[in-house]
1. Can you tell me which residues in the range 192-207 are open to solvent by 80 Å² or more (accessible area, probe 1.4 Å) and either over 23 Å from Ala93 (Cβ atoms) or touching a Phe, Trp or Tyr at 6+ places or on another chain (Cβ under 7 Å) (or both)?
2. Of all the residues that make up the range 124-150, how many are among the aliphatic types (A, V, I, L, M) and more than 14 Å from the chain's Cα centre (by Cα)?
3. Might you check whether a residue that is over 30 Å from Leu78 (Cα atoms) and either in contact (Cβ under 8 Å) with a residue 12 or more places away in the chain or open to solvent by less than 70 Å² (accessible area, probe 1.4 Å) (or both) occurs anywhere in the range 129-136?
4. Six or more apart or on different chains, Cβ atoms under 8 Å: show the pairs whose first residue is in the range 36-64 and closer than 16 Å to Val15 by Cα and whose second is at pLDDT 85 or above and exposed (fewer than 14 other Cβ atoms within 10 Å of the Cβ).
5. Given the criterion among the hydrophobic types (A, V, I, L, M, F, W, C) and more than 19 Å from the chain's Cα centre (by Cα), identify the matching residue among Leu162, Leu194.
Amino acid sequence: MDELIRNLAVYALPVLFAITMHDAAQAFVARRFGDNTAHAAGRTTLNPLAHIDPIGTILIPVAMYLMTSFVFGYAKPLPMNYGQMKRPKRDMAWVALSGPGANFLMALMWMLMRIVLHYAGVEESFPNLVAEAGVKVNLWLMAFNLLPIPSMDGGRVVFSLLPNKAAYQYARLEPYGFLILLALILLKVVPYWLFFVERIAGLLLSLILYPLTFLFN
C-alpha cells in the first residue's frame, strides 16, 4: 500500500499534464484547420478537469496497476468533425500527430528538468522521481497513441497516408478498434511496440539535449 501511495504521488502530476496537453493540442490544431467542435466543447483549455474521465483516467488505470502492473486508461473522447476541415483526409493526420507531438515536447521539458535538478545538486528523491516519471509517462502516451489501430492517432495517420479506396476500407475496422487493441495487449504485442517507439524517442531526446549536457559537463 505504501508503494502504491508513493507511485500515485509521483505519477499524478505528470499524468495530468500529459493527458491535458495531448488533448488540448489536438483541439487547438483541429480549430486551426477549421474544426471548432472540440474548442466549443471547452477542450482547448489547459484545465485538466476538462479532459479527465473519472473511470477511464483514474479507476481503470489504478485497478489495472494493482492487478497486472500494466497501466491502461483514457481521457474523455475528443469531439471532432473532420468534415469541417479544409482538407479532411490530410488535416486529420496533422491533428492526430499534434497529440503525440505535444507529449514529445512535454517529455523534453521533464528531461530538461531532470538535468537541471541533477546539476543543481538537488538530492531530494521526490522531485527527481517526478521528473523521471514525466519523461516515462509522456513517451508511453506518445507511443501508445501512435499504435496504427483505427480510432487511435496512429490509425488516423495511416488513414491519411493510404490511397482513398484502401483508406476507406481501413476505416471500416474502426468499430473493432478497441477489440483489436485488447487482443494486441493480451498477445503482448503492445509492450514491444511501446519499447521500440520509446527507445527511438528517448534517443532523439538525448540528442536534442546533448549540447546542454555537454555544456554542464
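The values are calculated or read from the model by the stated rules, or taken from the named source; none is laboratory data. None of the values given here were measured: they were computed from a predicted structure. Note that we place each Cβ from the backbone using ideal geometry, even for glycine, and neighbour counts take in every protein chain shown. Ligands, DNA and RNA are stripped out before the accessible areas are found, and what is left, the full protein with its side chains, is counted by its heavy atoms. Shrake-Rupley method; radii C 1.70, N 1.55, O 1.52, S 1.80 Å.
1. Tyr192, Phe195, Arg199, Leu203, Leu207
2. Within the range 124-150, the subset among the aliphatic types (A, V, I, L, M) is 129-131, 133, 135, 137, 139, 141-143, 146-147, 149.
Cutting the leftovers down to more than 14 Å from the chain's Cα centre (by Cα) gives us 129-131, 149.
Here the count works out to 4.
3. Within the range 129-136, one or more residues are over 30 Å from Leu78 (Cα atoms) and either in contact (Cβ under 8 Å) with a residue 12 or more places away in the chain or open to solvent by less than 70 Å² (accessible area, probe 1.4 Å) (or both).
4. Ala50/Gly42
5. It is Leu162.
Matching residues to (1) within 27 Å of His118 (Cα to Cα); (2) outside any helix (DSSP H, G or I); (3) open to solvent by 20 Å² or more (accessible area, probe 1.4 Å):
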{"residue": "Met142", "(1), (2), (3)": "yes, no, no"}
{"residue": "Ala166", "(1), (2), (3)": "no, no, yes"}
{"residue": "Gly177", "(1), (2), (3)": "no, no, no"}
{"residue": "Val190", "(1), (2), (3)": "no, no, no"}
